[in-house]
1. Provide a single number: the residues in region 14-50 that are touching a helix residue (DSSP H, G or I) at 6+ places or on another chain (Cβ under 7 Å), closer than 16 Å to residue 83 by Cα and in contact (Cβ under 8 Å) with a residue 60 or more places away in the chain.
2. Taking into account only those residues within region 179-192 that are buried (at least 17 other Cβ atoms within 10 Å of the Cβ) and modelled with pLDDT of 85 or more, which is farthest from the chain's Cα centre (by Cα)?
3. Looking at the structure I just gave you, is residue 83 assigned by TED's automatic domain parsing to the domain that holds residue 15, in contact with a strand residue (DSSP E or B) (Cβ under 6 Å, 6 or more places away or on another chain) and modelled with pLDDT of 85 or more?
4. Looking for whichever is assigned by TED's automatic domain parsing to the domain that holds residue 284, at pLDDT below 85 and either buried (at least 17 other Cβ atoms within 10 Å of the Cβ) or under 19 Å from the mean Cα position of the chain (by Cα) (or both) here; the options are 175, 207, 158, 164. Which one fits?
5. Answer yes or no: is there a residue in region 302-325 that is at pLDDT below 85 and either outside the structural domain of residue 154 (by TED's automatic domain parsing) or in contact with a helix residue (DSSP H, G or I) (Cβ under 8 Å, 6 or more places away or on another chain) (or both).
6. Give the residue, chosen from 281, 335, 275, that is surrounded by fewer than 16 Cβ atoms within 10 Å (Cβ to Cβ), touching a helix residue (DSSP H, G or I) at 6+ places or on another chain (Cβ under 8 Å), in contact (Cβ under 8 Å) with a residue 40 or more places away in the chain and over 21 Å from residue 173 (Cα atoms).
7. Given the conditions (1) part of a loop (DSSP other than H, G, I, E, B); (2) loosely packed, with under 12 Cβ neighbours inside 10 Å, which single one is not true for residue 16?
């Protein structure tokens with residue numbers, strides 16, 4: 001870091017003590033700038049005193065490749081006049097580095113903890129009853145919610161719209177349920193609870209995917225840390241260990257294809273290849289087009305229901321459906337499937353799509369969080385005699 005100082009009309013004490021304080025504070029500041037090239041960082045310190053007056057003013061200007069930060073302070077003693085603007089400059093630098101790392105977008109410990117634990121205990125009996133009513137409304141739709149999240153997240157990861165592993169099915173399901181709990185009294189009455197949950201699911205996935213795209217990768221080194229030494233190429237033993245411990249819950253397009261029994265091997269393989277090609281093409285569709293296709297051809301919804309779920313007009317649904325089917329037809333033909341089999345593949349899209357029940361562990365966890373008779377003193381506390389007068 002290049003440091004430039006200028007002293008104007010300072011007395012002898014200021015000229016003697018000022019450089020010592022600046023060297024000490026600049027060294028502390030430089031530790032936060034380890035990731036910047038030293039020749040690209042410049043600190044300018046100007047300390048001035050009006051001739052014949054005792055008031056001192058310090059102006060600091062830190063020029064970085066990513067911006068310029070400044071601080072100023074006035075007083076009557078040289079040391080506090082210098083140390084206070086350095087402290088202010090350090091705080092502004094920390095905020096600046098935080099923005100460069102995009103910490104406000106990915107560093108959300110409170111929200112992560114809330115989703116991880118789903119919900120804290122209910123504050124009172126009214127809140128517990130409200131949660132129980134909400135769970136009664138959504139219980140029959142949890143499998144559909146789970147499959148919608150699993151399918152859409154798989155498409156997003158397959159098309160590189162979301163970094164693989166950044167989002168999880170459980171986290172998105174939890175986020176959707178929490179979003180619904182916050183507003184389920186305000187749900188539209190013109191369509192069913194299932195359609196309302198589907199709309200919430202799509203909106204939640206879209207918001208979380210947008211945040212995941214903006215967030216920096218988990219393995220990025222912070223700007224204020226010295227970079228690690230580069231890692232060497234993996235050995236054969238490293239590769240064998242990695243292959244052995246591959247996680248079992250990776251999202252793959254192949255997992256979206258239903259496992260059909262009772263067919264000859266050649267027929268089963270041909271149907272599976274056609275279904276996999278269909279899902280690859282679905283992953284390449286624009287998000288809104290894919291949702292229209294899913295609602296109409298996989299969920300077997302009407303155009304009016306699809307329009308209500310996606311909050312667009314029925315005419316827009318018809319236009320998107322026609323364009324999306326033409327795109328899928330072209331992609332299936334390019335993948336080597338005969339034109340006469342393309343229509344059958346699209347018609348059998350629901351049969352080609354695997355529907356997996358939500359894991360019992362997740363369902364039990366959600367049920368426990370929303371149950372009215374959940375253990376906890378906070379449920380019944382307001383109904384005890386000690387609280388009767390409040």
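The values are calculated or read from the model by the stated rules, or taken from the named source; none is laboratory data. All figures in this text were calculated on a predicted structure; none of them were measured in a lab. With ideal geometry, Cβ positions are generated from the backbone for all residues, glycine too; neighbour counts draw on all protein chains shown.
1. The total comes to 7.
2. This residue is 181.
3. Details: assigned by TED's automatic domain parsing to the domain that holds residue 15: yes; in contact with a strand residue (DSSP E or B) (Cβ under 6 Å, 6 or more places away or on another chain): no; modelled with pLDDT of 85 or more: yes.
So residue 83 does not fit the description; no.
4. On the way: 175 fails: at pLDDT below 85; 207 fails: at pLDDT below 85; 158 fails: at pLDDT below 85.
The conditions single out 164.
5. Here is the first cut: in region 302-325, the residues at pLDDT below 85 are none.
No, there is no match, as no residue in region 302-325 is at pLDDT below 85 and either outside the structural domain of residue 154 (by TED's automatic domain parsing) or in contact with a helix residue (DSSP H, G or I) (Cβ under 8 Å, 6 or more places away or on another chain) (or both).
6. Details: 281 fails: surrounded by fewer than 16 Cβ atoms within 10 Å (Cβ to Cβ); 275 fails: surrounded by fewer than 16 Cβ atoms within 10 Å (Cβ to Cβ).
Only one candidate qualifies: 335.
7. (1) is the only condition that residue 16 fails.
Residues are listed down the side, and each one gets a yes or a no for (1) assigned to a loop (DSSP other than H, G, I, E, B); (2) modelled with pLDDT of 85 or more; (3) touching a strand residue (DSSP E or B) at 6+ places or on another chain (Cβ under 8 Å); (4) surrounded by 15 or more Cβ atoms within 10 Å (Cβ to Cβ):
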residue: 43; (1), (2), (3), (4): no, yes, yes, yes
residue: 47; (1), (2), (3), (4): no, yes, yes, yes
residue: 53; (1), (2), (3), (4): yes, no, no, no
residue: 74; (1), (2), (3), (4): no, yes, yes, no
